[in-house]
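See structure below.
The values are calculated or read from the model by the stated rules, or taken from the named source; none is laboratory data. Owing to the predicted nature of the structure, the values given are computational and were not obtained by experimental measurement. Virtual Cβ from ideal backbone geometry, glycine too; neighbours counted across all protein chains shown.
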Amino acid sequence: MSRIGKMPINMPDKVKARVDGRTVHVEGPLGKLNYSLPDGINAAVAGNVINISIAQGALDKGALFGTCRARINNMVTGVTKEFEKVLEISGVGFKGAVEGSRVSLTLGFSHPVLVDIPPGIKMSFDPKQVVLTIKGIDREAVGNLAAQIKKIKRPEPYKGTGIKYQGEHIIRKAGKTAAGAGAGAGGGAAKK
């Protein structure tokens, strides 16, 4: 039994929640979110608290118990304050711009890469066009979009160019000249 799943979800005053059958609806100042509960997991709203429980005879659903509680808690948090992911683009000539309902990324390919902005997500670049901020009330949608954009040009380990999360540390590798400098000098001197 999950310790996280047992914890009640406290809602702020501005948030309202209701359960219709297998669907949990959460509404707040920033919008509305819905989540369909898997079979064997139940939710109940009592005042300003949401409780998650496992149905009788569905003990095999314990693995989803904590996940469901976390997803509903993220919904409550999302409708009161937005989730945010920040990506950094590094590389000579690498940049991006928001063009209407799309993001255009120049990443060293022969053409700019266009990414559609899903509904409910806001994206913006800094003035230097190298820091992309993704905001939205749905934590899963924000995280998935950031991962898809990062996958377009992963940071490479030699120069460190590509797209990475802000604050992410990229382990750098030594290039051929640095790795072979010590071995080449010793090997060349021994030959005659």
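In the stretch 5-18, what residues are assigned to a strand (DSSP E or B) and surrounded by 15 or more Cβ atoms within 10 Å (Cβ to Cβ)?
Within the stretch 5-18, the subset assigned to a strand (DSSP E or B) is 9-10, 16-18.
Scanning the stretch 5-18 gives I9, A17.
If you check E27 against the conditions, is it under 26 Å from P119 (Cβ atoms), in the same structural domain as E156 (by TED's automatic domain parsing) and either touching a strand residue (DSSP E or B) at 6+ places or on another chain (Cβ under 7 Å) or buried (at least 17 other Cβ atoms within 10 Å of the Cβ) (or both)?
Criteria not met by E27.
Given the options V113, V130, V79, V86, name the one that is touching a strand residue (DSSP E or B) at 6+ places or on another chain (Cβ under 7 Å) and farther than 14 Å from I163 by Cα.
V79
For the stretch 23-79, which positions are in a loop (DSSP other than H, G, I, E, B) and not acidic (D, E)?
If the condition is that a residue be in a loop (DSSP other than H, G, I, E, B) and not acidic (D, E), then P29, L30, L37, P38, G40, G47, N48, A55, Q56, G57, A58, V79 are the ones that fit.
Please specify each residue of the stretch 79-98 satisfying the condition of being charged (D, E, K, R) and under 16 Å from the mean Cα position of the chain (by Cα).
The answer is K81, E82, E84, K85, E88.
Out of the stretch 63-101, which residues are at pLDDT below 90 and touching a helix residue (DSSP H, G or I) at 6+ places or on another chain (Cβ under 8 Å)?
Of everything in the stretch 63-101, those that are at pLDDT below 90 and touching a helix residue (DSSP H, G or I) at 6+ places or on another chain (Cβ under 8 Å) turn out to be F65, G66.
Quick one: count up the residues across the stretch 101-134 that are under 16 Å from G91 (Cα atoms), among the charged types (D, E, K, R) and outside any loop (DSSP other than H, G, I, E, B).
0
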